[in-house]
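For reference, the structure is listed below as structure tokens.
The values are calculated or read from the model by the stated rules, or taken from the named source; none is laboratory data. Remember, predicted model here, so these are calculated numbers, not experimental data. All Cβ positions, even for glycine, are placed from backbone atoms using ideal geometry, and neighbour counts span all protein chains on display.
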Amino acid sequence: SEHHFSDFDKLEVLGHGNGGIVYKVCHRPTAALYALKVLHAGDPQSRRHAAREVEILRRAADHPSVVHCCGVLPAPSGDVAVLLELMDSGCLDSLLRRRRGRPIPDRALSGIARQALLGLSYLHSLQVVHRDIKPSNLLINTAGEVKIADFGVGKIVRRALDKCVSYVGTCAYMSPERFDPATHGGAGYDGYAGDVWGLGLTIMELGMGRFPLLPAGERPDWAALMWAICFGEPPAIPDSDEASPELRDFVSRCLQKEAEKRWTVAQLLEHPFVAGKDRSSSELAVRELLLDSVCDSS
Ligand code: ATP
Ligand code: MG
């Protein structure tokens with residue numbers, strides 16, 4: 001690529017996770033702003049992880065609802081730096097925190113859901129399974145665009161029926177068949193339905209203003225959470241919460257415990273909660289949400 005690591009000034013840290021640190025950077029020769037994700041690649045295992053993330057980004061980052069990869073640069077001490085389009089309004093997780101638990105209203109939520117579904121539809125058409133759909137991996141910008149990010153645990157499905165089940169991703173958003181393939185229709189597990197589960201739980205969280213599967217304020221009990229996902233009733237918005245019938249139904253189609261009963265991305269795009277919207281009205285609804293979410297931080 002024509003970019004050189006030394007041409008970028010680090011302005012601030014946008015986030016860090018298992019994969020590496022993400023900086024807001026300025027490309028000095030052009031004054032253009034980007035996000036730069038520096039992936040550790042010092043040892044063979046992290047080198048494999050970094051290579052997979054880069055492979056998926058190269059294959060899949062050409063869609064308006066997937067964060068665009070603008071280049072991959074060698075970084076000091078053998079690390080890999082991935083240059084990404086800057087999503088200047090951050091992730092949906094931080095947006096929810098800025099709203100201090102105020103649920104996201106339907107109009108904006110359906111715009112978010114629709115754009116995320118378009119991104120997933122594109123990824124799944126390329127046989128890419130994301131495997132880590134959650135609020136902190138959905139990014140927004142001031143144009144009102146919502147994009148899928150973070151292919152740190154993504155997977156390219158090489159065979160039609162790939163039976164490989166592996167335990168990666170954040171377990172809080174993991175589907176029943178990921179935990180327990182034998183009893184939840186995981187025999188033909190290919191992972192696509194797992195992305196739908198993650199999206200359903202994400203939309204549910206945004207619509208309720210809190211993560212639905214753990215009691216607020218308590219230290220998470222991961223074993224109890226995993227038990228509830230596998231053996232409890234499917235997650236549903238409680239009757240005591242205000243939520244439209246369309247939102248309740250959308251979430252329930254995503255959160256069917258049997259992977260085969262769960263709706264596919266194509267089916268969900270026709271659901272009344274998201275259907276019949278064009279891209280620009282989805283983006284407008286998200287821009288209104290951003291305006292409505294700055295007030296709380298003061
Ligand atoms: P985790 O392990 O927590 O999932 P990660 O190390 O895999 O994280 P990312 O999810 O790619 O890394 O990025 C971490 C955070 O950095 C995101 O949640 C987001 O807040 C921020 N971030 C990542 N990419 C961008 C971008 N292109 N524009 C703006 N912010 C970004
Ligand atoms: Mg992430």
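What to note about this one:
- Filter result (more than 15 Å from ligand 2 (Cβ to nearest atom) and touching a helix residue (DSSP H, G or I) at 6+ places or on another chain (Cβ under 7 Å)) within the range 13-41: His27, Arg28, Pro29, Ala41
- Picking from residues in the range 71-104 that are of a type outside the set (A, V, I, L, M), more than 10 Å from ligand 1 (Cβ to nearest atom) and in contact with a strand residue (DSSP E or B) (Cβ under 8 Å, 6 or more places away or on another chain), the one that is modelled with the lowest pLDDT is Pro74.
- Total residues in the range 1-24 satisfying the condition of being acidic (Asp, Glu) and in a strand (DSSP E or B): the figure is 2.
One line per residue, one yes/no per condition, for (1) surrounded by 19 or more Cβ atoms within 10 Å (Cβ to Cβ); (2) aliphatic (A, V, I, L, M):
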| position | (1), (2) |
| --- | --- |
| Phe8 | yes, no |
| Gly17 | no, no |
| Thr30 | no, no |
| Val38 | yes, yes |
| Pro44 | no, no |
| Glu55 | no, no |
| Ala61 | yes, yes |
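- Index of the failed condition, Gly154 passing every other in (1) modelled with pLDDT under 95; (2) more than 11 Å from ligand 1 (Cβ to nearest atom); (3) not hydroxyl-bearing (Ser, Thr, Tyr): (2)
- All positions within the range 129-144 that are surrounded by fewer than 22 Cβ atoms within 10 Å (Cβ to Cβ) and away from ligand 2 (no atom under 15 Å from the Cβ): Asn141, Thr142, Ala143
- Checking Pro44 against (1) within 16 Å of ligand 2 (Cβ to nearest atom); (2) more than 14 Å from Phe151 (Cα to Cα), the condition it does not meet: (1)
- Complete set of residues in the range 115-140 that are among the aliphatic types (A, V, I, L, M), closer than 15 Å to Ala61 by Cβ and away from ligand 1 (no atom under 11 Å from the Cβ): Leu118, Leu120, Leu123, Leu126, Val128
- For the range 269-281, the set of residues classified as in a loop (DSSP other than H, G, I, E, B) and either of a type in the set (Gly, Ala, Ser) or more than 18 Å from Val66 (Cα to Cα) (or both) consists of Glu270, His271, Pro272, Phe273, Val274, Ala275, Gly276, Lys277, listed by residue number.
- Matching residues, the range 137-151, being modelled with pLDDT of 95 or more and not hydrophobic (A, V, I, L, M, F, W, C): Asn137, Asn141, Thr142, Gly144, Glu145, Lys147
- The range 87-97 - residue that is closer than 25 Å to Pro64 by Cα and of a type in the set (D, E, K, R) and, of those, farthest from the chain's Cα centre (by Cα): Asp88
- Listed by position, the helices (runs of 4 or more DSSP H) inside the range 188-268 whose residues that are β-branched (Val, Ile, Thr) number at least 3 are 192-208.
- Residue in the range 18-30 that is of a type in the set (Lys, Arg) and more than 13 Å from ligand 1 (Cβ to nearest atom) present: yes
- Inter-residue pairs, beta-carbon under 9 Å, first farther than 11 Å from Asn141 by Cβ and touching a residue at least 40 places away in the same chain (Cβ under 8 Å) and in the range 72-91, second in a helix (DSSP H, G or I) and away from ligand 2 (no atom under 16 Å from the Cβ), 6+ apart: Val72/Arg58; Leu73/Phe5; Pro74/Phe5; Ala75/Phe5; Pro76/Phe5; Val80/Arg47; Val80/Ala51; Ala81/Phe5
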